[in-house]
Amino acid sequence: MSSRQVVYSALRYVTAVLFVAWAAIHLYLYSDLIKILPIVAYFFVIDAILSLIGAVVFIIGLRILYIPSLIFSWANYLLLTESRVYPAPFLGFPLPAINVYVISTLIIDVLLIIIITIIEIIT
C-alpha cells in the first residue's frame, strides 16, 4: 500500500469522525431547542442526519459524493457565520450567542472543508 493510499484512508476516517462529532453536537442541542425554537430544532435534526450520511459516505469511500459533502460543509459553515451577523433564516433576528457549541462547530466545519478538499485533490 502506497503512502498516498495510507494518507487517503486516514483522512477518510478522520472526516467520518468529524461528521459524527458534528451530528452529535447538533443532536444534543436539539434536545434543548425543541421546547424554545422548534423550527431550529427540526433543522438541527435534519442537518445531523445529513452529517451522519456524510460520515457513511467517507467510511465506505463513495467518491461520487465527496463534492456534495464539501458543499454541505461549506453551507453549514456559511450558515453558522451568517446567522451570527445577519438575521437567521426563519427567525428574523441574528443569533447573538457565541458559546462552546458555536466555536466547536465552527472548528469542525473548517476542518471538514480543509480535509475534504485535500481528499478530493489526492484522489
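Observations on the structure shown:
- ILE39 vs. criteria modelled with pLDDT of 85 or more, assigned to a helix (DSSP H, G or I) and exposed (fewer than 13 other Cβ atoms within 10 Å of the Cβ): no
- Residue satisfying condition, being at pLDDT below 95 and either crowded, with 17+ Cβ neighbours inside 10 Å or under 17 Å from the mean Cα position of the chain (by Cα) (or both), within set VAL100, VAL85, VAL110: VAL100
- Only one of LEU95, LEU11, LEU29, LEU50 that is touching a residue at least 12 places away in the same chain (Cβ under 8 Å), in a helix (DSSP H, G or I), over 22 Å from ILE119 (Cα atoms) and hydrophobic (A, V, I, L, M, F, W, C): LEU29
- Meets criteria (free of Cβ contacts under 8 Å to residues at least 24 places away in the same chain and under 14 Å from ILE108 (Cα atoms)) for PHE44: no
- The selection criterion, being touching a Lys or Arg at 6+ places or on another chain (Cβ under 9 Å), assigned to a loop (DSSP other than H, G, I, E, B) and more than 21 Å from LEU112 (Cβ to Cβ), does not hold for PRO87.
The values are calculated or read from the model by the stated rules, or taken from the named source; none is laboratory data. All of these numbers come straight from a predicted model, not from anything done at the bench. Quick reminder, even Gly has a Cβ in these numbers, built from the backbone with ideal geometry, and neighbours come from all protein chains shown.
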